[in-house]
Amino acid sequence: MPDRDLINLEDLLKDPDVQKATSNENQELIERRDYTPPTCSVFNSDFIKLEKYDGFNFMIDDDAKEKLPNIIDKNVMRLAADDSPDDDFKEKITQKRNIGIVFSGGPAPGGHNVIAGLFDAAKKANPESKIFGFLMGPDGIIENETMELTQEIVDKHRNLGGFSMIKTGRTKIDTKKKNVLSRETARNLELDAIVVVGGDDSNTNAAFLAQELFQDDVQMIGVPKTIDGDIQVKDSDGKVLCAMSFGFHTAARAFAKSISNLCTDCSSDVKYWHVCKVMGRSASHLALEVALQTHANMTLIGEDLADYIDNRRLEHAEKTNTVDYTAYGMTLRHLSRMICDGIVRRAAVGKNYGVLVIPEGVLECINEIQHFIIKLNAIIGEYNYSHDTGFHMAFPTTDDKLEYLRRLAVLSREDGVATLWGTRDDDLFNTLPVFFREGLLTERDSHGNFQFSLVKTDKVIMELVQDYLEILRERGTYKIGIHRSYYEKTLMNAGLQPDIYGPLLFKNYNDADYLLVKKTIMSNRTLKNALVKAGLIDMDEHVPQAVTKIYKKSVPNFKTQSHFYGYDGRGSDPTRFDCNYTYNLGLTVFSLIANGETGLMAAIKNLEGNFEKWEPVGLPIAPLMKLEERKGKLALVIEKSLVDINGPAFRVVKAFREKWLAATPGPDNYRRPGPIRFTGLSEEDRPLTLELNALTKSK
Ligand code: FBP
């Protein structure tokens with residue numbers, strides 16, 4: 001280009017088009033921020049009171065009674081408009097307040113709207129009120145690291161994903177010292193209330209903090225967050241109070257969109273199996289929703305595998321009057337066989353491609369792995385409890401850790417000391433791939449959870465699948481089906497008669513659209529031998545090229561591509577469902593605080609129904625707590641909600657499994673969920689699992 005046509009760089013950068021093209025603020029962002037979520041009708045009122053919501057029962061744990069005496073008797077509360085408030089009530093609601101809010105655990109789309117809802121409600125009640133964001137998660141409470149949230153900061157983050165406004169962290173406030181420091185922070189900031197936006201562990205923590213801060217008159221309110229979807233609250237009669245934590249819908253939709261793209265890709269390029277690991281540490285809710293959204297060919301559901309019973313083994317044992325305990329639960333070996341079965345059956349109808357969805361926590365549901373996780377958690381917990389230096393500090397490398405385990409095994413064998421780790425454990429453990437052993441020995445998170453996101457779950461499973469497919473290939477039972485018309489055309493083009501070679505080459509020549517090469521033909525040599533034996537060629541002749549071509553096409557080449565869907569979905573901008581849900585949660589939080597409550601979790605009842613049915617409530621946290629094993633010890637925690645394999649959503653997926661596997665001639669049955677949309681009517685309004693699980697007999 002001649003020099004005179006070049007714009008001077010300074011002028012170029014000032015050009016409005018260049019400025020627009022390089023701005024951080026694009027149209028999508030502007031539209032998102034401008035969106036105003038609808039609010040539940042009760043929020044039309046300036047004065048909202050709380051009413052005890054009768055009809056819900058909880059089985060209260062004795063330990064919870066003892067450890068959380070000031071919040072154990074809390075009830076389910078519903079929000080109701082007070083249209084004729086007296087002066088005292090008006091003053092109570094509108095008094096100036098200082099409220100601190102913290103994000104705890106992994107990010108989940110919608111968190112910013114919880115803050116926005118709380119901010120708007122608090123400022124509307126009293127513009128003098130202050131909202132402080134604790135920075136970097138619970139560390140912000142312990143270290144008094146805060147930021148006062150202003151209109152400008154909040155507006156900048158409305159309807160946007162992530163927790164970037166104040167960040168998050170996984171620290172647990174679980175020691176006397178941390179409690180003292182947290183109380184000090186509350187005192188320094190003159191806080192009336194602290195809001196904990198977190199998962200089951202963080203809400204558990206919130207309950208203990210509520211108890212601790214009770215003496216200082218500082219209220220504590222929890223908010224159910226986690227993309228894993230495993231905070232779902234029911235009372236002891238199974239009545240649903242909170243059907244889903246926020247962030248789940250967005251993450252599942254983001255994963256589903258990407259995985260659906262892979263369904264399109266693999267059925268176009270027809271050469272890969274896409275193996276998609278999706279987040280969900282313990283529960284497989286995300287994988288289940290992805291299955292419903294995409295109709296991927298195979299989706300593993302951990303809870304289903306854990307419940308597996310090998311009926312053939314049971315029947316066999318019954319015949320010999322014995323009981324086969326190994327028939328209960330899934331082993332890694334059996335799981336890999338099941339996956340291979342799907343792959344082989346699809347290959348037989350010419351589909352040497354597909355999509356397999358694996359929940360990241362699935363290994364926890366596999367017998368032998370569960371065994372190791374429980375034992376190792378207990379060993380690490382025990383070590384940390386009785387030593388000054390933590391297990392991972394004391395044994396920094398995998399070799400150090402393995403050596404320690406070996407010592408435990410020797411101790412149990414030679415000295416007869418009862419240890420959790422015997423020689424048999426050691427031997428079995430050493431049969432696992434090195435990278436997986438390393439994974440099992442990695443540091444637990446601050447709550448003592450095994451960090452599944454760090455383990456190559458898919459690699460463990462797919463290595464076994466590869467090995468077994470190789471065996472099936474050797475046995476001649478893993479073949480690509482050849483379409484009859486292709487076979488006929490190829491032979492006729494070469495001047496050969498299909499009906500002469502067909503019965504010799506294929507085991508199903510007379511009755512199938514997809515032809516399967518006989519088991520015995522498993523190499524060029526065996527192919528030639530078969531033709532020679534049938535008198536179609538002499539020993540010194542070559543196999544006709546067209547026949548070799550057909551044979552080669554029948555030999556499977558199993559190629560995979562691995563994908564991990566987790567962090568991308570966690571950081572995604574929220575769906576309209578999550579925007580609306582979280583904004584209303586924020587408004588609910590304020591009403592609970594303004595009415596003087598503590599030890600409650602804000603929730604929206606009837607989330608599975610149309611928006612008009614949504615009902616803001618406060619749920620008592622302490623009665624939800626049960627004793628569970630953590631860090632090798634029993635601890636009071638909020639129970640995680642797992643996939644209900646007797647619930648409608650799973651039963652529907654199970655019923656469609658065969659159809660979605662599509663191991664039949666003809667097209668696949670993929671579904672395209674499309675991108676997360678913000679406007680327009682869409683069937684994606686709320687999670688499909690939620691809709692299905694809400695279906696009852698009476699409907
Ligand atoms: P939360 O339960 O804290 O919301 O986190 C859920 C999650 O997204 C899991 O699905 C995943 O196993 C985990 O976070 C990974 O987080 P990290 O990388 O911090 O271990």
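The values are calculated or read from the model by the stated rules, or taken from the named source; none is laboratory data. Note that the coordinates shown come from a computational prediction; the quantities given were computed from them, not determined experimentally. Reconstructed Cβ throughout: ideal geometry from the backbone, glycine too, with neighbour counts over all protein chains shown. For accessibility, only protein heavy atoms count, side chains too; no ligands or nucleic acids. Shrake-Rupley method; radii C 1.70, N 1.55, O 1.52, S 1.80 Å.
Name the residue, out of PHE119, PHE103, that is within 16 Å of the ligand (Cβ to nearest atom), surrounded by 21 or more Cβ atoms within 10 Å (Cβ to Cβ) and within 30 Å of the chain's Cα centre (by Cα).
Working: PHE119 fails: within 16 Å of the ligand (Cβ to nearest atom).
After ruling out the rest, the residue left standing is PHE103.
Looking at PRO38, is it surrounded by 13 or more Cβ atoms within 10 Å (Cβ to Cβ) and either closer than 29 Å to LEU624 by Cα or touching a residue at least 40 places away in the same chain (Cβ under 8 Å) (or both)?
Values: surrounded by 13 or more Cβ atoms within 10 Å (Cβ to Cβ): yes; either closer than 29 Å to LEU624 by Cα or touching a residue at least 40 places away in the same chain (Cβ under 8 Å) (or both): yes.
Spelling it out, PRO38 is indeed surrounded by 13 or more Cβ atoms within 10 Å (Cβ to Cβ) and either closer than 29 Å to LEU624 by Cα or touching a residue at least 40 places away in the same chain (Cβ under 8 Å) (or both).
In the set ARG424, ARG437, ARG406, ARG413, which member is within 18 Å of GLU360 (Cα to Cα), away from the ligand (no atom under 16 Å from the Cβ) and assigned to a helix (DSSP H, G or I)?
ARG437
What number goes with the only condition from (1) in contact with a Gly (Cβ under 8 Å, 6 or more places away or on another chain); (2) assigned to a helix (DSSP H, G or I); (3) assigned by TED's automatic domain parsing to the domain that holds ALA663; (4) open to solvent by less than 30 Å² (accessible area, probe 1.4 Å) that TYR487 does not pass?
Of everything listed in (1) in contact with a Gly (Cβ under 8 Å, 6 or more places away or on another chain); (2) assigned to a helix (DSSP H, G or I); (3) assigned by TED's automatic domain parsing to the domain that holds ALA663; (4) open to solvent by less than 30 Å² (accessible area, probe 1.4 Å), TYR487 misses just condition (3).
Give the residue, chosen from ASP540, ASP458, that is within 16 Å of the ligand (Cβ to nearest atom), of a type outside the set (Lys, Arg) and either surrounded by 19 or more Cβ atoms within 10 Å (Cβ to Cβ) or over 44 Å from the mean Cα position of the chain (by Cα) (or both).
Numbers: ASP540 fails: within 16 Å of the ligand (Cβ to nearest atom).
Only one candidate qualifies: ASP458.
Listed here are the residues, each with its yes/no results for (1) in a loop (DSSP other than H, G, I, E, B); (2) in contact with a Gly (Cβ under 8 Å, 6 or more places away or on another chain); (3) on the phi < 0 side of the Ramachandran plot.
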{"site": "GLU10", "(1), (2), (3)": "no, no, yes"}
{"site": "PRO38", "(1), (2), (3)": "yes, no, yes"}
{"site": "ASP46", "(1), (2), (3)": "yes, no, yes"}
{"site": "GLY55", "(1), (2), (3)": "yes, no, no"}
{"site": "ASN70", "(1), (2), (3)": "yes, yes, yes"}
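Give the residues of the range 269-298 that are under 17 Å from ILE343 (Cα atoms) and open to solvent by 20 Å² or more (accessible area, probe 1.4 Å), sorted by residue number.
Answer for the range 269-298, where residues must be under 17 Å from ILE343 (Cα atoms) and open to solvent by 20 Å² or more (accessible area, probe 1.4 Å): ASP269, VAL270, LYS271, TYR272, HIS295, MET298.
Open to solvent by 10 Å² or more (accessible area, probe 1.4 Å) and hydroxyl-bearing (Ser, Thr, Tyr): is that true of SER236 in this structure?
Values: open to solvent by 10 Å² or more (accessible area, probe 1.4 Å): yes; hydroxyl-bearing (Ser, Thr, Tyr): yes.
The answer is yes for SER236.
Is it true that some residue in the range 248-271 is of a type outside the set (S, T, N, Q), farther than 30 Å from ARG97 by Cα, part of a loop (DSSP other than H, G, I, E, B) and away from the ligand (no atom under 11 Å from the Cβ)?
Within the range 248-271, the first condition is being of a type outside the set (S, T, N, Q), and the residues that meet it are 248-249, 251-257, 259, 262-263, 265-266, 269-271.
Among the residues that remain, those that are also farther than 30 Å from ARG97 by Cα are: 248-249, 251-257, 259, 262-263, 265-266, 269-271.
If we keep only those that are part of a loop (DSSP other than H, G, I, E, B) too, we end up with 270-271.
Still in the running and away from the ligand (no atom under 11 Å from the Cβ): 270-271.
Yes, that holds for at least one residue.
Could you tell me whether LEU688 is open to solvent by 40 Å² or more (accessible area, probe 1.4 Å) and either out of contact with any strand residue (DSSP E or B) (no Cβ under 6 Å at 6 or more places or on another chain) or assigned by TED's automatic domain parsing to the domain that holds TYR514 (or both)? Can you show your working first?
Values: open to solvent by 40 Å² or more (accessible area, probe 1.4 Å): no; either out of contact with any strand residue (DSSP E or B) (no Cβ under 6 Å at 6 or more places or on another chain) or assigned by TED's automatic domain parsing to the domain that holds TYR514 (or both): yes.
The answer is no for LEU688.
Can you confirm whether the range 170-191 contains a residue that is out of contact with any Asp or Glu (no Cβ under 9 Å at 6 or more places or on another chain), modelled with pLDDT of 95 or more and within 16 Å of the ligand (Cβ to nearest atom)?
no
Checking the condition closer than 22 Å to ASP235 by Cα, modelled with pLDDT of 95 or more and within 16 Å of the ligand (Cβ to nearest atom), which residue from LEU592, LEU585, LEU600, LEU619 passes?
Numbers: LEU592 fails: within 16 Å of the ligand (Cβ to nearest atom); LEU600 fails: within 16 Å of the ligand (Cβ to nearest atom); LEU619 fails: within 16 Å of the ligand (Cβ to nearest atom).
Result of the check over LEU592, LEU585, LEU600, LEU619: LEU585.
Somewhere in the range 339-352, is a residue open to solvent by less than 90 Å² (accessible area, probe 1.4 Å), charged (D, E, K, R), more than 30 Å from TYR514 (Cα to Cα) and in a loop (DSSP other than H, G, I, E, B)?
Within the range 339-352, none of the residues are open to solvent by less than 90 Å² (accessible area, probe 1.4 Å), charged (D, E, K, R), more than 30 Å from TYR514 (Cα to Cα) and in a loop (DSSP other than H, G, I, E, B).
Looking at ALA649, ALA694, ALA663, which is the one that is within 30 Å of GLU612 (Cα to Cα), open to solvent by less than 60 Å² (accessible area, probe 1.4 Å) and modelled with pLDDT of 95 or more?
Numbers: ALA694 fails: modelled with pLDDT of 95 or more; ALA663 fails: within 30 Å of GLU612 (Cα to Cα).
Every option except ALA649 fails the conditions.
Can ILE227 be described as more than 16 Å from the ligand (Cβ to nearest atom), within 27 Å of PHE577 (Cβ to Cβ) and in contact with a Leu (Cβ under 8 Å, 6 or more places away or on another chain)?
Values: more than 16 Å from the ligand (Cβ to nearest atom): no; within 27 Å of PHE577 (Cβ to Cβ): yes; in contact with a Leu (Cβ under 8 Å, 6 or more places away or on another chain): yes.
The answer is no for ILE227.
Are any residues in the range 372-388 over 18 Å from ARG406 (Cβ atoms) and in contact (Cβ under 8 Å) with a residue 12 or more places away in the chain, and if so, which ones?
The answer is ILE373, ILE374, ASN377, GLY381, ASN384, TYR385.
When the residues of the range 588-624 are narrowed to those that are of a type outside the set (D, E, K, R), in contact with a Gly (Cβ under 9 Å, 6 or more places away or on another chain) and over 18 Å from PHE246 (Cβ atoms), which ends up surrounded by the fewest Cβ atoms within 10 Å (Cβ to Cβ)?
By that ranking, first place goes to ASN595.
Of the residues that sit in the range 543-578 and are within 26 Å of the chain's Cα centre (by Cα) and β-branched (Val, Ile, Thr), which one is nearest to the ligand (Cβ to nearest atom)?
So, considering only residues that are within 26 Å of the chain's Cα centre (by Cα) and β-branched (Val, Ile, Thr), the one nearest to the ligand (Cβ to nearest atom) is THR575.
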